[in-house]
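Heads up, the thing below is written out as structure tokens.
What follows draws every value from the coordinates through simple rules; no lab data is involved. Quantities reported herein were computed from a predicted structural model and do not represent experimental measurements. Reconstructed Cβ throughout: ideal geometry from the backbone, glycine too, with neighbour counts over all protein chains shown.
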Amino acid sequence: MGVENLNEELINCARAARFAAIEDYFKSDANRLSAFLKQFGGILFDFSKSKLSENDLIGLLHLASAMGLEEKRAQMFGGGEVNLTENRAVLHMALRDSGRNWQAKGQDVSSTLKAEMVRASEFAKKIHSGIIRTNNGERFKSIVHIGIGGSDLGPRLVYEALKSSDNDFIEIRFCANIEPNELATAISGLDPKTTLIVCVSKTFTTIETLTNLNLARDWLKQGGIVDDTSHLVAISAAPAKAIAQGFAENRIFGFEDWVGGRFSLWSSVGLSLEMALGGDIIAALRAGAQAMDEHFETAPLAENIPILAGLIAVWNAKYMDYQTRASIPYSTKLKLLPQFLQQLDMESNGKSTGVDGAPINISGPIVWGAEGTNAQHAFFQHLHQSPIVTPIEFVLVANDGLNNAASTRLTHANALAQGEALMRGKSLDSVMSQMLAQGQSSLEISKTAPHRVFHGNRPSNTIILPKLDAFNLGALLAYYEHRCFVEGVIYGVNSFDQWGVELGKTIALEINDDLETGASSARDPSTKALIDFLREGFS
Ligand code: F6P
């Protein structure tokens, strides 16, 4: 069957699914758990609380094949020009498997890749072990990692997830935002004499990063460091630009243009992590991701976890019209996951032009979230009772390594309770009989019962990591990367460009001039009034 017909069929299936109850799928399909609950190593992925039947899933799998998902996946792993608007291959998987022969657009890239990764790792090892020291012979005690977007979110997430008192002799502070409090906070309490500034920018043109770099260099100078080159490291796919800024060549670590910013954690963009946490942790992170790559590349479609997740995500957004999705990690150490996913998913798939240049009217959903249980006391009201349905992905850590079984159990209980409550809901009848049994008056019952109804029938995924170590985290992040790719293929977009960020950047530079000079006459009346207010206040 062709794509059009499969699509029509899925639209009809979704119409029926709107009237179906998730709980009934379990009753009518004895096979549901084996179709929707998958294990990858020690990680459990439960997709069974999705609002689709096994037949609907089969329809989605047919659609994936008809849309050439397997061919597109092979093209990506084979180094084809997948990122068509930037004429690039997409090969972040090569960064976690340097043993394979990788080609980008027909050119062998393995040997240069391996050489650069070894060079970066050797440098990191020397910083970590104190072989490379400051000019005064002291060990570096802190790193200020300056970068934004993909040059920040992945390293920041991994640092928060994996730092521990065993590896805290080099502390990393992150600085992304151009707003001046960010750098002030990042350097607060640090000694410039023992601080390494790591400037991370794929393009080395990003205004936030370069502005913060200049401020950080001023801080080094004020701290008595006259020649700052030994305190500076640059990570960039444009090394010439770093050289032009005065970075020493042997402190610049490159990566290739076929590594997209939001997929770049695995490259030298993660060097701060390697310097602070040590090479073993980074190797394990990459190994976990590589294992997920292998699964994604080879597992049959119906067993392939990122593919199942991607298809269910498309079902939710495109066929069920659920326009947002939330990531709720029940782990403080993973609290940055929703932000990481916001960039990964929304920068990749938030598009309205297909790969062929034709308009499309649906792509990826709005992604948001926060860590449980805090989120329960903030926005779960909306998730349970608003007419807007938001599919959730819960992430739990089975063994948090802490000696507090009661808190851990309660954390798990809360996560599972939310998934069950969202699915099961609570009907008006059941609310009323409960209130009656509690002896409440009929006046009270008729007044408040409708407010206590839970619609239920709301979908969620649950992922359980056995523990939050580097391997499992690597596998989890690669799972998200591949899910994002799968969604992009089915929406028909190029998930690897981000033209939508450009217009604001250009206008920001113009307005920066207007704010300085007051020459805002070319702007719209609203923006002109705002500029005037910032310059002078209202008179
Ligand atoms: O503005 C968006 C973006 O280009 C992201 O895609 C990227 O991760 C971020 O800016 C930072 O870019 P760079 O690493 O080139 O400084």
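Rounded to the nearest 10 degrees, the inclination of helix 405-424 to the longest alpha-carbon principal axis of the chain is 50 degrees.
The charge dipole of region 217-336, taken about its Cα centre with unit charges on the Cβ atoms of Lys, Arg (+1), Asp and Glu (-1) only, comes to about 480 debye. Here, region 106-284 yields an orientationally averaged convex hull projection of 9.9 nm² when only Cα atoms define the hull. The Cα center of region 71-111 and the Cα center of region 314-365 differ in position by 24 Å. The label point for Glu516 and the one for Ile243, both projected 7 Å from the Cα toward the Cβ, are 2.8 nm apart.
Let's test the formula: R0 of 41 Å, r as the Cβ-Cβ distance of Ser129 and Thr298. What FRET efficiency results, to the nearest 0.05? Each step should come with its number before you reach the end.
Details: r = 38 Å, r/R0 = 0.92.
Once rounded, the FRET efficiency stands at 0.65.
Counting other Cβ atoms within 10 Å as a rough exposure proxy, the listed residues Cys175, Cys13 run Cys13, Cys175 from fewest neighbours to most.
3J(HN,Hα) along region 261-268: x, 6, 10, 9, 3, 7, 8, 5 Hz, from the Karplus curve 6.51 cos²θ - 1.76 cosθ + 1.60 with θ = phi - 60°, whole Hz, x for Gly and Pro.
In region 2-85, what trypsin sites (Lys or Arg not before Pro) fall in a loop by DSSP, with at most 15 other Cβ atoms inside 10 Å? Answer by residue number: Arg18.
Exposed loop sites are taken as chymotrypsin sites (Phe, Trp or Tyr not before Pro) in a DSSP loop (any state but H, G, I, E or B) with at most 10 other beta carbon atoms within 10 Å; the longest stretch of the chain without one runs 20-537. 3J(HN,Hα) along region 204-212, derived from phi through the Karplus expression 6.51 cos²θ - 1.76 cosθ + 1.60 where θ = phi - 60°, amounts to 6, 10, 5, 5, 4, 5, 5, 5, 5 Hz, with x in place of Gly and Pro.
Normalising by the residue count of the chain, find the relative contact order in percent from Cα pairs under 8 Å and 6+ residues apart.
Reported as a whole number, the value is 18 percent.
Suppose the chain between Phe533 and Gln222 were pulled fully straight at 0.36 nm per residue; how much longer would it get relative to their current alpha carbon spacing? Don't jump to the answer; show the numbers that get you there.
Numbers: separation 311, 0.36 × 311 = 111.96 nm, distance 3.37 nm.
Difference between extended and current length: 108.6 nm.
Taking amide H as placed 1.01 Å from N in the peptide plane, the amide H of Phe40 sits under 5 Å from that of Phe45, each at least 5 places away or on another chain. Shown for Met320, Met1: other C-beta atoms within 10 Å of each C-beta, ranked fewest to most, produce the order Met1, Met320.
Only one residue of Phe379, Gln339, Ser121 has its Cα farthest out toward the positive end of the dipole of the chain, where Lys and Arg carry +1 and Asp and Glu -1 on Cβ, and that residue is Phe379. Taking 7 Å steps out from each Cα toward its Cβ at Thr229 and Thr506 produces label points 3.8 nm apart. Shape index of the chain: Rg/Rh, with Rg the Cα radius of gyration and Rh the Kirkwood radius from the inverse mean 1/r over Cα pairs, equals 1.00. Could you give the distance between the Cα centres of region 214-270 and region 35-59, to the whole Å? Going from one Cα centre to the other spans 43 Å. Annotation: the residues Lys125, Lys505, sorted from fewest to most other C-beta atoms within 10 Å of their own C-beta, follow the order Lys505, Lys125.
Assuming R0 = 45 Å, can you tell me the calculated FRET efficiency for the pair Ala413 and Gln103, based on Cβ-Cβ distance, to the nearest 0.05? Spell out each step's value before the answer.
Values: r = 49 Å, r/R0 = 1.10.
In this case the efficiency is close to 0.35.
Taken about its Cα centre, the chain carries a charge dipole of about 1000 debye when Lys and Arg each add +1 at the Cβ and Asp and Glu each add -1 at the Cβ. Of all DSSP-defined beta bridges confined to the chain, some 25% are antiparallel rather than parallel. Rounded to the nearest 0.05, the FRET efficiency derived from the C-beta distance between Ser34 and Asn404 at R0 = 51 Å is 0.90. Under conditions of 10 °C and 1.306 mPa s, region 351-435 yields 98 µm² s⁻¹ as its translational diffusion coefficient, taking Rh as the Kirkwood radius over Cα pairs in the Stokes-Einstein equation.
I'd like the distance between the alpha-carbon centres of region 381-455 and region 471-539, rounded to an integer number of Å. Centre-to-centre (Cα) distance: 38 Å.
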